[in-house]
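The values are calculated or read from the model by the stated rules, or taken from the named source; none is laboratory data. Computed from a prediction, not measured in an experiment: that's the story for all the values here. Positions of Cβ are backbone-derived with ideal geometry, glycine not excepted, and every protein chain shown enters the neighbour counts.
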């Protein structure tokens, strides 16, 4: 079976969606004999180096006729289309009407591939003074058109699914919800707590608290001191930091290859993030911590954690930390987070995609 995956950018572009789709393609090929081609249809383009692992084409003109004609020309050897929808990737204001119109026209073709849409993001939000506020109705219109034209829908957050299910006239009876997997590997076996060094890991990006990196590092260092962690590894950090008063050893790492990040995470016991808990389902950083079995401390807090996560069970919040937490309790929390992750690992995500693709032909 052959499918065409449509997305804004493809590797080697630095793009989480590209890495995500590439990993899904590998799994579909290796585990289900479903073979992917890729169409880059975004606002920017990075030429793949050498011979890419999968066939890649670029939609040079971002227009409705161009996409419709390309799909028409490939219907004989393409059984399904998978659209990775991140609106800002397809149009700078997140209103890609050309894409929505093309998707609707493709759905009306008498002979066409089956159509699956993965909603990585929905619409922007902002104050009345922001452009996001005024563009939101148009962004929602694009999403509704795409959703109605699709045979199957999926997303990474339950709130996204709830919004999609509120659209009238959907072909799809349900929305598959599955948080993203780790782009930095998912080891089958984990070292014990005692085999890991007493240190904490933190990514130097994905900070949603509005604080500076220095302020966030200081918070992470305070957690290190509380739990007896003697070191803090900063991943993707190039800038100099004054860590003389933090009381823990700060090790700055530049941007590492995925395998190197995986090895580093496996060597640590804990992790810290200032990523918004409401959006954990779409965070490859949180997925990486979970896949590597780290006890996660989060800075942000929400009344109800999403996607089955529970405070004190799969993760900890820095403002409600108990007076003392035994190492055995931290290890239990870390393993509970890994168990949560296993329900949406790469293998689980791939199986879900394969089921959606194949069920359309059952």
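Here's the yes/no breakdown for (1) crowded, with 17+ Cβ neighbours inside 10 Å; (2) outside the structural domain of residue 265 (by TED's automatic domain parsing); (3) without any contact (Cβ under 8 Å) to a residue 24 or more places away in the chain:
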position	(1), (2), (3)
170	yes, yes, yes
173	no, yes, yes
203	yes, no, no
211	no, no, no
214	no, no, no
223	yes, no, no
226	no, no, no
234	yes, no, no
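Screening residue 354 against (1) crowded, with 18+ Cβ neighbours inside 10 Å; (2) under 26 Å from residue 225 (Cβ atoms); (3) out of contact with any strand residue (DSSP E or B) (no Cβ under 7 Å at 6 or more places or on another chain); (4) touching a residue at least 40 places away in the same chain (Cβ under 8 Å) leaves a single unmet condition, (2).
Among the residues of segment 158-170, those identified as in contact with a strand residue (DSSP E or B) (Cβ under 7 Å, 6 or more places away or on another chain) and farther than 22 Å from residue 108 by Cβ are 158, 160, 161, 165.
Residues being within 28 Å of the chain's Cα centre (by Cα), in a loop (DSSP other than H, G, I, E, B) and in the same structural domain as residue 316 (by TED's automatic domain parsing) are represented in segment 239-253 by at least one member. The residue that is nearest to the chain's Cα centre (by Cα), among those in segment 263-312 that are closer than 15 Å to residue 196 by Cβ and part of a loop (DSSP other than H, G, I, E, B), is 292. Among residues of segment 257-275 being farther than 22 Å from residue 230 by Cα and surrounded by fewer than 18 Cβ atoms within 10 Å (Cβ to Cβ), the one that is modelled with the highest pLDDT is 259. Checking each residue of segment 150-168 against the condition of being within 23 Å of residue 349 (Cα to Cα), assigned to a strand (DSSP E or B), in contact (Cβ under 8 Å) with a residue 40 or more places away in the chain and not assigned by TED's automatic domain parsing to the domain that holds residue 244 gives at least one match.
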